[in-house]
Amino acid sequence: MRVALISDVHGNLSALEAVLSALEPFDAVWQLGDVVGYGPEPVAVIRRLQSAAAAGVRGNHDAAAIGEISTDWFNDAARTAVEWTAGQLTPAASEWLGANPQTKVEGDFTLAHGSPRDPLWEYLFSASLARANLGAFATPYCLVGHTHVPVAFREVDGGMEAIVPRDGTILELDGRRVIVNPGGVGQPRDGDPRASGALLDTGAMTVTWRRVPYQIAATQQAMRTAGLPQRLIDRLEQGF
Ligand code: ZN
């Protein structure tokens, strides 16, 4: 089975379409949370994921947009965007977001937004944090998002190594435990403004990362029209 792995779409439809096109053909879509927040097209993104029958988990922005957690934990720009997003959501869109669990197991893979031990909030930025999470999932492999930075943490000699992928990097899943982050679709933060995603092939047992250009200026214009914060508009072209 070929699975499109996406995370942190953040209401950016153009970026989502670009990544899905680049990952075709695939049999399934697994999304790792933060479908909404920041971007200008939250409902259209949810409809697109519904039409792709995407399975996945709930992120902190998703939970805040449906009123499940307080926005007190967000910085000003993120809170403004979440509150705007909440006002856009239809009842059906809110229901879809709320139906996604915080963690989910699909075969050999555990899905979580931040980390398996703290799905809504922990950022897996380091090999040591990844290692501290190995006891929190029972499958060989774990898939996360939240940092908007593509990476894999792989068990090696009793520790964990960090693998930083580029466009086209292929990781073989060889039985050693691995935590994979496909990178952020809708708001990349590793200095490369191109949308990020990955293709999981459960037959070949490989993960292949892709970086994909999209219509950044059009998304920025839609954000301006929506009155979203300038800082969020600027960071799309900075990729940070
Ligand atoms: Zn996010």
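The values are calculated or read from the model by the stated rules, or taken from the named source; none is laboratory data. Quantities reported herein were computed from a predicted structural model and do not represent experimental measurements. FYI the Cβ positions are ideal-geometry reconstructions off the backbone, even for glycines, and counts take in every protein chain you see. Protein only, heavy atoms only, side chains kept; ligands, DNA and RNA dropped before computing areas. Shrake-Rupley method; radii C 1.70, N 1.55, O 1.52, S 1.80 Å.
Below, the figures for the structure above:
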read-out: Set of segment 177-194 residues, backbone N closer than 18 Å to the point 7 Å along the Cα-Cβ line of SER21; value: 185-187, 193-194
read-out: Cα centre as origin, Lys/Arg/Asp/Glu Cβ charges: segment 11-235 dipole, Debye; value: 320 debye
read-out: Among beta bridges that DSSP assigns inside segment 11-235, antiparallel share in %, nearest 5; value: 75 percent
read-out: Simple spin-label estimate for ARG176 and TRP121 in nanometres, 7 Å along Cα-Cβ; value: 3.2 nm
read-out: Note, ³J(HN,Hα) from phi for segment 199-210, Karplus 6.51, -1.76, 1.60, rounded to Hz, x at Gly and Pro; value: 10, 9, 10, 7, x, 6, 6, 9, 10, 10, 7, 9
read-out: Carbon plus sulfur fraction of accessible area for the chain, probe 1.4 Å, in percent; value: 50 percent
read-out: Ordering of 230-237, 184-191 by packing [mean C-beta count within 10 Å, highest first]; value: 184-191, 230-237
read-out: Neighbour-limited loop hits for GluC sites (Glu not before Pro), segment 11-94 (at most 14 other Cβ within 10 Å; DSSP other than H, G, I, E, B); value: GLU68
read-out: Most mobile of PRO213, PRO150, PRO42 in a GNM of the chain (Cα contacts under 10 Å); value: PRO213
read-out: Charge-dipole axis of the chain as Lys and Arg at +1 and Asp and Glu at -1 on Cβ define it, positive-most pick from THR110, VAL149, GLN31; value: VAL149
read-out: Gap separating the Cα centres of segment 219-240 and segment 105-136, nearest whole Å; value: 29 Å
read-out: Per residue accessible area in Å² of segment 11-235, where ligands, DNA and RNA are left out and the probe is 1.4 Å; value: 40 Å²
read-out: Under-5 Å amide H pairs with VAL105, H placed in peptide plane, nonlocal only; value: LEU111
read-out: Pairwise centroid distance, computed over Cα atoms, of segment 150-194 with segment 60-100, Å; value: 28 Å
read-out: At R0 = 41 Å, FRET efficiency that the Cβ-Cβ distance of GLU237 and VAL105 yields, to 0.05; value: 0.65
read-out: Packing-based ranking, highest mean first, of 175-181, 102-108, 218-224 given that Cβ atoms within 10 Å are counted; value: 175-181, 218-224, 102-108
read-out: Extension gain, SER128 back to ALA53 (0.36 nm per residue minus Cα-Cα distance, nm); value: 23.5 nm
read-out: Residue of ARG166, ARG211, ARG131 that the Gaussian network model of the chain assigns the largest fluctuation, springs spanning Cα pairs under 10 Å; value: ARG166
read-out: The chain - percent relative contact order, Cα under 8 Å, separation 6 or more; value: 24 percent
read-out: Extended-chain gain in nm, criterion 0.36 nm per residue less alpha-carbon gap, ALA218 and GLU161; value: 16.7 nm
